[in-house]
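Notes follow once the structure below has been shown.
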There are 2 protein chains.
Amino acid sequence: MNGYCTATYRCYDDKADFHKKALSIAVGLTVGSWTDLPEARKAEMEKHLGRVVSVEVHETDRPGERYADIRIAYPDINFSRDIPALLVTIFGKLSMDGRIKLTDIDVSGDFLTAFPGPKFGLEGVRELLGVHDRPLLMSIFKSVIGHDLDGLQEQFYKQALGGVDLIKDDEILFENPLTPLEKRVETCMEAARRASAQTGQKLLYAVNLTGPASKLAAQARKAISAGANALLLNVLAYGYDTLHELSSDPEVNIPIAAHPALAGALYPSPHYGIAAPVLLGKLMRLAGADLVLFPSPYGSVVMPKEENMAVKEALLHPLSTLRTSFPVPSAGIHPGLVPLILRDFGSDVVVNAGGGIHGHPLGTAAGGEAFRQAIAAALKGVPLAEAAGEPGHEPLRAAIDAWGVKEA
Amino acid sequence: MNGYCTATYRCYDDKADFHKKALSIAVGLTVGSWTDLPEARKAEMEKHLGRVVSVEVHETDRPGERYADIRIAYPDINFSRDIPALLVTIFGKLSMDGRIKLTDIDVSGDFLTAFPGPKFGLEGVRELLGVHDRPLLMSIFKSVIGHDLDGLQEQFYKQALGGVDLIKDDEILFENPLTPLEKRVETCMEAARRASAQTGQKLLYAVNLTGPASKLAAQARKAISAGANALLLNVLAYGYDTLHELSSDPEVNIPIAAHPALAGALYPSPHYGIAAPVLLGKLMRLAGADLVLFPSPYGSVVMPKEENMAVKEALLHPLSTLRTSFPVPSAGIHPGLVPLILRDFGSDVVVNAGGGIHGHPLGTAAGGEAFRQAIAAALKGVPLAEAAGEPGHEPLRAAIDAWGVKEA
C-alpha cells in the first residue's frame, strides 16, 4: 500500500477474536480511538488511521491451539523516517501484548527514500576485492583477548596466507591496551600487505567498532585514517539507527559488516520477538550493512533452513534502488559443508569459518587453502572426495579426513 | 567476585552435560581455548579467563525436561566499561546457542564506576515535585497522532487539573509538523502553568525524544531550552548506551523516563531473551533512567507478579552510590487497583494511567481526582468502597462504579 508501512504478526491465542484484535491494533497504535469520533473528525483523521490488510487464522496440531497471521498497514505520516520510530510504532507496546511475534515488515517507497542502504553492498565488496566469479571466503580470529599486537599479526598473516578474502575481528574484542584500534589496524593491514605479496590477492580486514555510541563515527574515522578497509559492528547492541547513521556518513567510505550478537535473544522463540528475516535480513540491509553475518543452518549455532533462506532472500531480493547485502552464514562451517552452502546460497555468499580454518590439521594457512579448494571444486560440480585426491589438494584432503563431507 | 561481572543463564537442554557447557561458556567467551595452552601462557592468560561460579541442574514437570541455572564470571579486563561491550561479551554469540535466557547480571564495583546512574532518581524526582509522602500519579496522553497544538494543550490541561504529578507523551508521538518538539514543549508547559495555578502543585511533562540517535542530545537541549522539565526515551529502540550517554550529559539536567517499548520482544519467553528484571530493571537503572515504565501485573498488558517484584527490586535495592529509579508499573491501571499497587510497591511508586484517567465517566479532570482520592484512602488504610462514600469523593465513586475495586 502506497504511503503505508506494513507489519505482519503471528499471534497465538486460543480464544481471541483475531479480527477484533487486528482492528484494535490498527486503531490503537495509530489514532487511538475511532468509533467515538465525530464524522467530521473522522474525515480529518482518516489519513492517520491504521488499516487491517489481512487476518489468516490457523489451527495447530495441538488441540485448541490457534494462531493468526495479521497484517496491519501503518500510515507513513504517523512516524519519522527512522528505524526506531518504525519499530516503536509497529511493535513497541504491542510486543508486550501476549504471545505475538513480528514476522515481517514491508516499508513504503516513501519511507525507503530516507535510507541510502549499503554503500558498497554485494557488488561493491566484490569490486573492492576484484573477485566476481566465486563465493568469498572470510575467516575469524580465534583467540584475541589477552594477545598483543605481535600475536594478532601472526594470526592474521597465517589466516591471510591461505587465500581468504576477508578477515574479521572477534566481536568480543573491545578497545583495550594490548591491541588498541589504530595500532591493531596498522598491524593487521601490514600483515595483509605481506600476505597479499605472497598470494597476489586483495584482503579486507573488518575491525570491530566499539565503545560509546556517540563516539563510533569518530572511531570509524580513526580506523580509516590508520588504514582500515572494513568495519565490524555489533548492530543490535547499539540499535539499527547507529548503523544507519554510520553507513550514511560520507566519511565512512569502507564496507560495514553487521554482526548478529544478541540476535538469539530476539528471533528463536515461536511466540515472541522478531523473526530472523526481519531482524538480520530486512532491517540490517535497510540500515546499510554491506555484509550480514547470521547463524547458518549447518553448523554449531543453528537456524532452521527455511528461516535461513528467508534471511538470504531479504538481503538479496530487488528492493527499489537499495544495494544488496552480502549474506554470511556463520558458525560451525568446515570445508566439507561448502557444497551444501553453494547449493543453498549460490555463488553470492561469503563462506565464513573460524575453527574450520584455525583447527585445520596442517595449520591455519592450510585451513584457508582447504576452503578455497572446496569452493573451486563445488563450483565445478566436482565431488569434494574426488577433488581431495587431486595433486596439491592435501589441505582439502586433510580437512575432509578431519571433519567429513556433506555433499549437496 | 571482585574484578568480574557475573551473568546468570537459564539453559534448557534434555541431554547436555551442563557442567561441561558452563566450562565451554567460561572459556569460549573469554580466552577462546585453555587446555591446549602451554603452562607459561596459562599464567599470563589466567586473568582473562572466565570462571564458572555455579551450575544448578533442575528437572521440570515435563518428563525428561531439564534446565540449569549457570553463573559465569567474566573478567572486567576483557571488555570496555559500556553496556554494549558487557552484553556482547556475556550474551552476544551465546544468545544464539540453543535454548538459553539471560536471567541476571551482577556488575563489578569497578565496572559500576563508569556509570553515574540516574541523575535525579526517585528522591530527585520527589524533590523536583516537592512530594515526599505519597505515591506519584502519572497520566498518559490518550490520542495524539493527528492532533494539533491546541488539541494537545486542551488534553494536557484537563489531565493536569485532576492533580497528576507527571504527564508523559505517547511513545508513538514522533517529530511531526502538527506538534513539533519545541512548540509542543512550550504549549504543554504553558498548560502546566495554568493548571498549577489552579491545583497549586508542580508538574513534570516528559516529552518524547525521537529521531536519529546522534541527534538526541541536541534534541534534548532544544527541548530544555523550550522549557521541558522531563524527557521520555524509547530506550530499547536506541540501545542502552544512548540512554547512558544522555543521562551522563551535564546539559541534560532534567529527569529521563525510560519507556519499555519493544521489551516484549525480549523478556516473555521462558527459553530465550533477557529477563525483565535485567532488561527493565538493572540495565535501565545502570544506564541512568530516573523513572522506568514496565508492564504491571494488574492490567491489560501483563507481567507475572514475581517478575514484576524483581523489576522493582532491581530499581530500588541499594547498589553502591547509584541512585534508585522510580518504578512505574503501567497499562490497564484504574483507581480500583490502587490498594493493590500500594500493597506490592509501597509508597515509592508512580501510579500511571491512560484510559483510567481519560475514560472516567465524569471526564479527564475527575479521572485524575479519582486516582488521588484512591491514593489518599489507600495510604490511610481506608477501603476504597468506604472512601468513595465520603463528601467530595464523587470522582472515586464514579470510577469504582465503572471499573470496580480490587482491595489488597
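Values computed for the structure shown
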quantity	calculated
Calculated label separations, A:Thr35, copies of the chain, 7 Å along the beta-carbon direction, nm	6.6
Debye intensity ratio I(q)/I(0), log10, chain A, q values 0.07 Å⁻¹ (C-alpha model)	-0.37
FRET efficiency, 1/(1 + (r/R0)^6) with R0 22 Å, evaluated for B:Glu251 and A:Glu251 via beta carbons	0.30
Neighbour net charge for A:Gly211 - beta-carbon separation under 14 angstrom, K R +1, D E -1	-2
Point-charge dipole on Cβ atoms (K/R +1, D/E -1) for the stretch B:4-112, about Cα centre, debye to 20	180
Scattering curve values for the stretch A:4-112, log₁₀ I(q)/I(0), Debye with Cα scatterers, q = 0.19, 0.23 Å⁻¹	-0.95, -1.26
Relative contact order computed over the stretch A:4-112 (Cα-Cα under 8 Å; 6+ residues apart), in percent	44
Choice from A:Leu293, A:Leu161, A:Leu49 with maximal GNM fluctuation in chain A (Cα, 10 Å cutoff)	A:Leu49
Förster-model FRET efficiency, 22 Å R0, A:Glu386 and A:Asp133, C-beta, rounded to 0.05	0.55
Net charge of Cβ neighbours under 11 Å - reference B:Gly124; Lys, Arg +1; Asp, Glu -1	0
Surface/4 of the Cα convex hull for the protein assembly as shown, nm²	34.2
Inter-probe distance in nm under a simple model that places probes 7 Å from Cα toward Cβ, at A:Asp61 and A:Gln201	4.4
Scattering profile of the stretch B:327-370 at q = 0.19, 0.21, 0.32 Å⁻¹ [log10 I(q)/I(0), Debye over alpha-carbon scatterers]	-0.54, -0.64, -1.13
Residue among B:His271, B:His147, B:His48 with the largest mean-square fluctuation in a Gaussian network model of chain B, springs linking Cα atoms under 10 Å	B:His147
Exam field: A:Arg193 pseudo-label spacings to other copies (7 Å along Cα-Cβ), nanometres	6.4
Theoretical FRET efficiency, 1/(1+(r/R0)^6), r = Cβ-Cβ of B:Met309 and A:Ala114, R0 41 Å, to 0.05	0.45
Sorted by Cβ neighbour density within 10 Å, fewest at the top, the residues B:Lys305, A:Lys93	B:Lys305, A:Lys93
Fewest-first ranking of B:Ser347, A:Ser320, using other Cβ atoms within 10 Å as the exposure measure	A:Ser320, B:Ser347
Mean separation of Cα contacts under 8 Å, 6 or more apart, over the residue count of chain A: relative contact order %	16
Residue order, fewest to most surrounding Cβ atoms within 10 angstrom, among B:Phe294, A:Phe111	A:Phe111, B:Phe294
Cα-centre dipole for chain B with unit charges at Cβ (Lys and Arg positive, Asp and Glu negative), debye to 20	120
Label distances, nm, B:Gly130 versus same residue in remaining copies, Cβ-directed 7 Å point	7.5
Cut-off 15 Å between beta-carbons: net charge of the residues surrounding B:Pro383, Lys and Arg +1, Asp and Glu -1	+1
Lys, Arg +1 and Asp, Glu -1 on Cβ, resulting dipole of the protein assembly as shown about Cα centre, debye, nearest 20	180
Chain A: most fluctuating residue of A:Arg221, A:Arg41, A:Arg51 per GNM, C-alpha cutoff 10 Å	A:Arg41
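Computed from the coordinates by the stated procedures, all read-outs in this text should not be read as laboratory data. Note that the structure is a prediction, hence the values are computed from the model and not measured. Please note: Cβ atoms are built from the backbone with ideal geometry, for glycine as well, and neighbour counts cover all protein chains shown.
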